[in-house]
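Values in this text are rule-based calculations from the coordinates and carry no lab data. Computed from a predicted structure; not experimentally measured. In this analysis, Cβ positions are derived from the backbone assuming ideal geometry, glycine residues included, and neighbour counts consider all displayed protein chains.
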Amino acid sequence: MTSPSVPPDHPRAESLRVREKLIERYHEGVVASAGLIAHGRGEAFDYLMGEKTTGPALRAIEAAAAAIITAKKPVISVNGNVVALAAEDVVKLSQVTGARIEVNLYYRSLERERAIKKILERAGASEVLGVGKDASARIPELGSERRRVDPHGILVADVVLVPLEDGDRTEALVKMGKRVIAVDLNPLSRTARKASITIVDNIIRATPKLTKTAGILRKQGRKNPADILRNFDNKKNLAESFALIHRRLLKLAKEKKHSTLEDEKLDL
Ligand code: PTJ
């Protein structure tokens, strides 16, 4: 099936281009069919937050950067949606922080693992863990295919970044004593609530900001990251995202004239 090209003057051109990219990757066997549904859910929450990186998200990004650069064995876990939306950005993050990249899929198949690895390598990755027999270790207490991990990657990691995740694994990883960083537009999701640090933002916006912040913190030395982590409270940060959505909807409800998201980006 061929996709219609997106008219550049369409008011939601960027959003449509992102959708087309995901559909393309779906047809290539990279994105799972459920990944398209997951994207729609993410879009809905992005609307509620004004499609921009919020204050609470920026604070979570700073804490996440601090956690990654002070980790001994940080790992970035990637799935179909993540490579479709942010392959180059994930590779850059890995290069700046030294975090290893591991493929970890809910709908696991060797074809998908290989296709994802190929995209990451095309984006500049020199190493991709967790493909095929390399995912020989198991996360205890986890029933899904996500339990299969690389013994050199997620199994021994102290910090794991899990963008676009389903909640069970986050919970299991936290139980294993790991610090888990989630990127999830839905602040109500299990993942968002179970993670150690939750970045409530679009992976497309959050990943380059995370890389930039990690680079800046690295230059400042290690004391500052430790302070940032000590002062970060994930529950409080999530509550700020809820409050922000609440305030935004109240403000929109009070608007007398009709306005759309495109002509009125509310500054909250
Ligand atoms: O590639 P696989 O086989 O590992 O499968 C991946 C999916 C995404 C299908 C799987 O992990 C899944 O079912 O995830 P969920 O439970 O639907 O959760 C995905 C979460 O990501 C939802 O809470 C969405 O709101 C959120 N989300 C979707 N798009 C984005 C996002 N968060 C950040 N940025 C996005 N672009």
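A compact table of results
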item	result
Local electrostatic count, Ile61, Cβ distance below 14 Å [Lys/Arg +1, Asp/Glu -1]	0
Packing-based order for 171-184, 100-113, using average beta carbon neighbours within 10 Å, highest first	171-184, 100-113
Filter on Lys118/Lys212; Lys73/Lys133; Lys21/Lys175; Lys92/Lys118 - keep pairs with C-alpha separation over 27 Å	Lys21/Lys175
Neighbour net charge for Leu105 - beta-carbon separation under 14 angstrom, K R +1, D E -1	0
The chain: relative contact order as a whole-number percent, Cα under 8 Å and 6+ apart	22 percent
FRET efficiency estimate (nearest 0.05) - Cβ-Cβ, Phe242 to Lys133, R0 35 angstrom	0.20
Cα point-scatterer Debye curve for segment 82-229, base-10 log of I(q)/I(0) at q = 0.12, 0.15, 0.16, 0.17 Å⁻¹	-0.49, -0.78, -0.90, -1.02
Computed label-point distance, nm, for sites Lys251 and Glu145 using a 7 Å Cα→Cβ extension	4.2 nm
Ranked list, fewest to most other Cβ atoms within 10 Å of each Cβ, for Ser15, Ser136	Ser136, Ser15
Cα radius of gyration and Dmax for the chain (Å)	18.4, 60
Spacing of the two label points (7 Å from each Cα toward its C-beta) at Arg122 and Lys72, in nm	3.8 nm
Ellipsoid equivalent to segment 174-243 - semi-axes via the Cα gyration tensor, in Å	21, 15, 12
Along each principal axis, Cα extent of segment 1-127, largest first, Å	46, 39, 24
Note, ³J(HN,Hα) from phi for segment 151-161, Karplus 6.51, -1.76, 1.60, rounded to Hz, x at Gly and Pro	x, 9, x, 4, 4, 9, 5, 9, 10, 10, 8
Cα→Cβ-extended label distance, 7 Å offset, between Arg12 and Arg230, nm	4.6 nm
For Ile199, distant residues with modelled amide H under 5 Å away	Ala182, Val183, Asp184
By average C-beta atoms within 10 angstrom, highest first, the peptides 151-157, 30-36	151-157, 30-36
Candidate aspartates and glutamates for bridging to Lys72, where Cα separation is under 13 Å - those fewer than 8 sequence places away on the same chain excluded	Asp158
Estimated [θ] at 222 nm from DSSP helical runs (n ≥ 4, -39500 (n - 2.57)) normalised by residues in the chain, nearest 500	-17000 deg cm²/dmol
Share of pairwise Cα separations in segment 1-59, more than 17 Å, in percent	50 percent
